[in-house]
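S.K.: Have a look at this one.
Nothing in this text is a laboratory measurement; each read-out follows from the coordinates by a stated rule. Computed from a prediction, not measured in an experiment: that's the story for all the values here.
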Amino acid sequence: MTICLEESLQSYEGLHEKRTLAVIVAAMAYNSWFTKLYCKDFRISSEVVEQIVHTVSKSSSLEELTLENVGLKADFPQKMATALSENPASVIHSINLAHNTLDNQGVSNLIQQVCRLSKGLRLLNLSKTSLSSKGVTSLSQALCSSDDYSNSLLHLDLSKNPGILSGEDATNLYLFLAQPNCLVHLDLSGTDCTVDSLFGALLRGCCADLSYLNLSKNSFYHRKVRETLPSFRQFFSSAFSLTHISLASMKMPPDVLRALFLGLSSNPHITDLHLDISGCELRSAGAGIIQDLFPRVSCISTLDISDNGLDADLFCVIPAFSRHPSLKHLLLGKNFNIKGRVLDEVLQKLVHLVQEEECTLQSLSLADSRLRSRGTVLVNALGSNACLKKVDLSGNGLDDTGAKMLSKALQINTTL
């Protein structure tokens, strides 16, 4: 029987004697019951770090190490790499060092050591670690050096490291992604990746198992986007396991949005998909595509199109949500830069949406839309809605009258 205890160091955050915590960590080196070490969001002392390195060098049972946002010094990856080289019995397969500023050469050496371990690498999180493009090259070369890594790595997070995928060094990572692999979770957000150039690799290697894909805060290479649209569309029509896609916070050309919807609408494999295309500057051109194509994309259950400058175009967009067969969660905030009669007409469309007998929505967010007193017409409609379980009207300045009307609506409503 395998006994697994997950020790959360957060339980000891209030201890005044640092040695006590260091001793607890040191004991893990010789206790086979402990397979995970988890520490997040508080600074650990140098003495505790030394004991963690000691544990890594001795333990034959430690499998997962999470040291996220704990104030590690830049030389920690090199120390850990050395510790692993001294421990041929190590079974570590999951490493999370996110939100620490680390030395790139040490990270490269650490990656090479981990990739030599018997269980391979299952999870690697280097989000916001000041990783450089050279560090990505070292990682990619290590991952490409053996088919074993394509068959072991499930979770890769390189997000919030600006510039690491902006140049030719990104090609090395694409080579790994293009090999048939078992990646389930891929986060490359905020890496200056040229998104459209990535999808050829994803199509070849990541269609089978990839569930979570976050490419937000990057960019499309607009001059060549038409050349890459076929592979972009084909990936979304061929992926078997997608549940979460984020292409948020980057300017999305209309042709890309169209290819995205057409690809997803022809995919017979996926259901209950979360799609985040907020902050993509869709505006009128995107609104027309949503109106025409979104009702056909039945696999989407959560849609975030907040902050897209839709404004008056919402009048035509909202009816498309009524025609969608499985939409459960809709985020529309920051799209209401309109006034007077136009705003009233758009809000009436929303009222019609939530009062329809066939309405499938379970949650609706209009956060930060500055609706003010005109939003009360929607508040009134909530009283008779029988399907919504959550509504976010924060940041709308509904004032006291709106608050009273909301109170009455909540007294009538039986699901919110």
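S.K.: Kindly express, to the nearest 10 degrees and within the range 0 to 90, the angle between helix 46-58's C-alpha long axis and the longest C-alpha principal axis of the chain.
M.R.: 70
S.K.: Still on this structure, please answer the following. In degrees from 0 to 90, rounded to the nearest 10, what is the angle of the helix 76-85 Cα long axis to the longest principal axis of the chain?
M.R.: Orientation of helix 76-85: about 50 degrees from the principal axis.
S.K.: Once a ≥ b ≥ c are taken as the square roots of the eigenvalues of the Cα gyration tensor of segment 29-168, is the result rounded (a/c under 1.5), prolate (a/b larger than b/c) or oblate (a/b not larger than b/c)?
M.R.: Oblate, because a/c is 1.5 or more while a/b does not exceed b/c.
S.K.: Further question on the same structure: Among the listed pairs Lys58/Lys119; Lys328/Lys390; Lys160/Lys328; Lys328/Lys349, which are separated by more than 19 Å between their Cα atoms?
M.R.: The pairs that break the limit, which is 19 Å between Cα atoms, are Lys160/Lys328.
S.K.: Relative contact order (percent) for segment 215-255, with alpha-carbon contacts under 8 angstrom and 6 or more residues of separation?
M.R.: Relative contact order of segment 215-255: 76 percent.
S.K.: Would you work out if segment 269-309 is rounded, prolate or oblate? Take a ≥ b ≥ c from the square roots of the eigenvalues of the alpha-carbon gyration tensor; rounded if a/c is under 1.5, else prolate when a/b is larger than b/c, oblate otherwise.
M.R.: Here segment 269-309 falls in the oblate category.
S.K.: Which whole-number percentage describes the relative contact order of segment 272-416, with Cα contacts under 8 Å and a sequence gap of 6 or more?
M.R.: About 19 percent, as a whole number.
S.K.: Would you please classify the overall shape of segment 123-262 from the alpha carbon gyration tensor, given that a ≥ b ≥ c denote the square roots of the eigenvalues, rounded means a/c under 1.5, and beyond that prolate means a/b larger than b/c while oblate covers the rest?
M.R.: Note, shape of segment 123-262 comes out oblate.
S.K.: Let me ask something additional. Treating the angle as unsigned and between 0 and 90°, give the value, to the nearest 10°, between the Cα long axis of helix 104-115 and the longest Cα principal axis of the chain.
M.R.: 80
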